[in-house]
Amino acid sequence: MKRREFIFVLGRIASGFWPRRNTIIAAMAAMVLLPIEVSDAGWLSDVFKGSSKQAKSAKQVKSPKRVTSRKPAALAKSAASPKRRTVKLAALGPVGLNPAAFKPVATRCDPARFRIVLDVGHTAESEGAISARNVSEFTFNLRLAKRIEEKLKAEGFAQTKLLVTEGKARRSLVKRVAAANDLPADLLLSIHHDSVPSKFLEDWEFEGKKRHFSDRFSGYSVFVSRINPDFKTSFAFAELIAKEMKAQGLDYARQYSQAIMGRYQRELLNKETGVYRYDELIVLRKTRMAAVLLEAGSIINRDEELKMSSQERRDIVSSGVTAAVKEFCEPRWAMLGPL
Ligand SMILES: [Zn+2]
């Protein structure tokens with residue numbers, strides 16, 4: 001919620017126009033119980049790698065519903081779990097409260113205790129995409145995730161955990177989801193680097209060897225799954241990540257919304273910042289906490305690969321992610337009972 005809108009909402013509360021508490025709780029319950037789309041597509045060796053026999057085309061995926069209401073998304077931001085959400089809503093109290101009963105408190109999340117998992121995409125064994133200069137995506141993911149971890153810890157997010165998984169692609173996905181669910185984490189951010197469908201690949205020679213590249217596309221992208229049990233919070237966090245990436249001067253990958261992507265075409269949820277919907281990703285739909293996947297940039301694009309290899313770009317992306325997490329956790333207004 002933008003600050004301006006938030007002040008407006010506070011004004012509504014103060015002047016007694018806010019809906020009754022039960023109405024809000026009913027609305028939130030309806031959001032939590034959003035119909036879960038049934039899908040047997042359970043692949044993620046990479047966005048573009050490995051078998052995609054089970055992948056459904058964008059047309060096959062049930063017609064998406066755009067999130068048009070800002071209010072539910074903003075309310076969902078108020079907690080990282082349904083349990084906390086109930087507590088927060090109960091705290092809203094009846095209408096007509098004295099504005100003096102509200103004061104800013106940092107109940108949203110305490111950085112020292114907030115458990116964010118940085119999931120390093122792929123494994124040393126199943127490395128994901130291969131860059132234009134023959135470096136594995138796993139290598140890029142690990143370096144970037146480590147930098148993000150450093151920055152988050154430096155900002156007080158002491159419980160930040162790097163999740164590095166071993167093994168083959170499919171099994172490793174199950175493992176990483178189980179590990180995140182067992183922690184349990186409040187939020188999961190999966191770190192990846194992008195490639196292209198093989199039809200776009202071109203040949204070139206690098207260090208005397210034939211390699212593949214595609215300079216056609218570039219940019220970051222952020223994915224959320226509507227099948228995640230806390231889609232609203234996932235989407236809210238994805239919006240923050242994408243907004244901060246854009247604020248760092250980066251452009252998002254536009255191709256995912258285009259028909260040329262075929263079965264990799266995705267619904268663009270935010271055309272300003274680059275949040276896409278990707279329901280089938282296991283790491284997003286099987287995790288019990290809010291989850292977001294970040295493709296930090298394309299490593300099959302020769303120029304962008306060089307940028308993604310630099311400390312400077314890792315710092316830029318890490319700063320964007322850290323700003324998004326801080327914003328996610330920033331102090332909010334809540335009622336504190338008798339003052
Ligand atoms: Zn990947």
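The values are calculated or read from the model by the stated rules, or taken from the named source; none is laboratory data. Everything numeric here is computed off the predicted structure, so don't read it as measured data. With ideal geometry, Cβ positions are generated from the backbone for all residues, glycine too; neighbour counts draw on all protein chains shown. These accessible areas exclude ligands, DNA and RNA; they are computed on the full protein's heavy atoms, side chains included. Shrake-Rupley method; radii C 1.70, N 1.55, O 1.52, S 1.80 Å.
Can you name the number of the only condition in (1) over 29 Å from Lys307 (Cα atoms); (2) more than 16 Å from the ligand (Cβ to nearest atom); (3) open to solvent by 70 Å² or more (accessible area, probe 1.4 Å) that Lys161 fails? Among (1) over 29 Å from Lys307 (Cα atoms); (2) more than 16 Å from the ligand (Cβ to nearest atom); (3) open to solvent by 70 Å² or more (accessible area, probe 1.4 Å), Lys161 violates only (1). For region 292-299, state whether one or more residues are surrounded by fewer than 24 Cβ atoms within 10 Å (Cβ to Cβ) and touching a residue at least 24 places away in the same chain (Cβ under 8 Å). Checked region 292-299: no residue is surrounded by fewer than 24 Cβ atoms within 10 Å (Cβ to Cβ) and touching a residue at least 24 places away in the same chain (Cβ under 8 Å). The strands (runs of 3 or more DSSP E) located wholly in region 117-222 that include 2 or more residues which are farther than 22 Å from Ala323 by Cα and not basic (Lys, Arg) occupy 202-206, 209-213.
I'd like to know if region 127-144 contains one or more residues that are over 30 Å from Ile300 (Cβ atoms) and either of a type in the set (D, E, K, R) or modelled with pLDDT of 90 or more (or both). Break it down into steps so the answer makes sense when it comes.
Residues of region 127-144 over 30 Å from Ile300 (Cβ atoms): none.
Among the residues of region 127-144, not one is over 30 Å from Ile300 (Cβ atoms) and either of a type in the set (D, E, K, R) or modelled with pLDDT of 90 or more (or both), which makes the answer no.
Please enumerate the residues belonging to region 312-322 that are in contact (Cβ under 8 Å) with a residue 60 or more places away in the chain and out of contact with any helix residue (DSSP H, G or I) (no Cβ under 8 Å at 6 or more places or on another chain). Break it down stepwise before answering.
Here is the first cut: in region 312-322, the residues in contact (Cβ under 8 Å) with a residue 60 or more places away in the chain are 314-322.
Residue satisfying the conditions is Ile316 alone.
For region 175-211, name all the residues that are open to solvent by 30 Å² or more (accessible area, probe 1.4 Å), in contact with an Asp or Glu (Cβ under 7 Å, 6 or more places away or on another chain) and either of a type in the set (Gly, Ala, Ser) or within 16 Å of the ligand (Cβ to nearest atom) (or both). Matches in region 175-211: none.
Could you check, for region 258-267, whether at least one of its residues is closer than 28 Å to Asp186 by Cβ and of a type in the set (A, V, I, L, M, F, W, C)? Walk me through how you get there before you give the answer.
Within region 258-267, the first condition is being closer than 28 Å to Asp186 by Cβ, and the residues that meet it are 266-267.
Add one more test, that the residue is of a type in the set (A, V, I, L, M, F, W, C), and what stays is none.
No, that holds for no residue.
Could you check region 122-141 and list, in sequence order, the residues that are open to solvent by less than 50 Å² (accessible area, probe 1.4 Å) and within 12 Å of the ligand (Cβ to nearest atom)? Of everything in region 122-141, those that are open to solvent by less than 50 Å² (accessible area, probe 1.4 Å) and within 12 Å of the ligand (Cβ to nearest atom) turn out to be His122, Thr123, Ser126, Gly128, Ala129, Ser131, Ser136, Glu137, Phe138, Phe140, Asn141. For the structure I just gave you, tell me whether Glu150 is at pLDDT 95 or above, acidic (Asp, Glu) and either surrounded by 17 or more Cβ atoms within 10 Å (Cβ to Cβ) or within 16 Å of the ligand (Cβ to nearest atom) (or both). No. Cβ separations smaller than 6 Å between residues 6+ apart or across chains give the following pairs from region 193-206 residues that are touching a residue at least 12 places away in the same chain (Cβ under 8 Å) to residues that are assigned to a strand (DSSP E or B) and within 15 Å of the ligand (Cβ to nearest atom): His193/Ala296; Asp194/Glu295; Asp194/Ser298.
So that you can scan it fast, the table gives a plain yes or no per residue for (1) in contact (Cβ under 8 Å) with a residue 40 or more places away in the chain; (2) open to solvent by 10 Å² or more (accessible area, probe 1.4 Å):
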position	(1), (2)
Ala238	yes, no
Tyr252	no, yes
Ser257	no, yes
Arg266	yes, yes
Arg285	yes, yes
Arg288	yes, yes
Glu305	yes, no
Glu327	yes, yes
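If we keep just the residues of region 105-121 that are more than 19 Å from the chain's Cα centre (by Cα) and of a type in the set (Val, Ile, Thr), which is farthest from the ligand (Cβ to nearest atom)? Per the stated criteria, the residue is Val105.
What residue, of Asp215, Asp203, is at pLDDT 95 or above and in contact with a His (Cβ under 9 Å, 6 or more places away or on another chain)? Give the derivation first.
Values: Asp215 fails: in contact with a His (Cβ under 9 Å, 6 or more places away or on another chain).
Being at pLDDT 95 or above and in contact with a His (Cβ under 9 Å, 6 or more places away or on another chain) holds for just one of Asp215, Asp203, which is Asp203.
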